[in-house]
Amino acid sequence: MPDKIHLTVATVVEKDGQFLMVKETKSGRQVINQPAGHVEPGEDILQAALRETMEETGWEVSISGFLGFSTHFVPHNGVTYYRMSFVAQPVCFDDQAEIDGDIDVALWMTLEQIRAQQHQLRSPMVLGCIEDYLAKRIFPLDIFRNSL
């Protein structure tokens with residue numbers, strides 16, 4: 001059963017009223033998500049969020065807060081996703097970065113654009129963590145204890 005449990009991280013990155021998002025094709029359907037991905041065995045949670053954001057978008061970011069922990073069960077494959085979401089600020093864009101092959105495009109979207117394409121969101125967690133961010137439900141990073 002452990003292969004049906006996935007620990008993931010995601011970042012909510014806002015710049016000039018727009019959010020950094022990715023479009024990716026999953027099971028033949030293009031979906032919209034934050035930069036997000038799996039935590040590797042032995043990897044620090046915060047480093048995983050930084051790595052996934054860079055790998056999926058080419059953006060180096062700085063993490064400033066924790067939005068929370070959410071879960072989503074996908075009935076068609078039986079996987080439960082456990083997602084830790086973070087607030088991050090854009091630092092710089094690396095136009096030479098090699099983007100993960102499963103990412104169709106990284107783009108900046110307004111909240112209105114995201115809501116208008118809600119049917120395309122990868123999961124309810126995508127809009128949920130943006131709403132938490134906008135409501136300023138942000139926890140300090142010192143809640144994390146890192147011994148890695």
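Points worth noting:
- Segment 98-148, subset of a type in the set (Gly, Ala, Ser) and out of contact with any Gly (no Cβ under 7 Å at 6 or more places or on another chain), residue modelled with the lowest pLDDT: Ser147
- Every residue from segment 105-148 that is more than 15 Å from the chain's Cα centre (by Cα), loosely packed, with under 13 Cβ neighbours inside 10 Å, in contact (Cβ under 8 Å) with a residue 60 or more places away in the chain and not in a loop (DSSP other than H, G, I, E, B): Ile143
Residues checked against (1) polar (S, T, N, Q); (2) within 18 Å of Gly37 (Cβ to Cβ):
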position: Gly65; (1), (2): no, no
position: Thr71; (1), (2): yes, yes
position: Met84; (1), (2): no, yes
position: Ile99; (1), (2): no, yes
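- Note on segment 12-34: residues that are farther than 12 Å from Asp104 by Cα and buried (at least 19 other Cβ atoms within 10 Å of the Cβ) amount to 5.
- Gly58 being surrounded by 13 or more Cβ atoms within 10 Å (Cβ to Cβ) and over 12 Å from the mean Cα position of the chain (by Cα): yes
- Residue among Phe86, Phe66 that is of a type outside the set (Val, Ile, Thr), assigned to a strand (DSSP E or B) and in contact with a Ser or Thr (Cβ under 6 Å, 6 or more places away or on another chain): Phe86
- In segment 35-55, residue nearest to the chain's Cα centre (by Cα) [restricted to those that are surrounded by fewer than 22 Cβ atoms within 10 Å (Cβ to Cβ) and in a loop (DSSP other than H, G, I, E, B)]: Val39
- Ser64 within 15 Å of the chain's Cα centre (by Cα), on the phi < 0 side of the Ramachandran plot, among the small types (Gly, Ala, Ser) and surrounded by fewer than 17 Cβ atoms within 10 Å (Cβ to Cβ): yes
The values are calculated or read from the model by the stated rules, or taken from the named source; none is laboratory data. What you see is a predicted model, and the numbers here were worked out from it, not measured in a lab. Quick reminder, even Gly has a Cβ in these numbers, built from the backbone with ideal geometry, and neighbours come from all protein chains shown.
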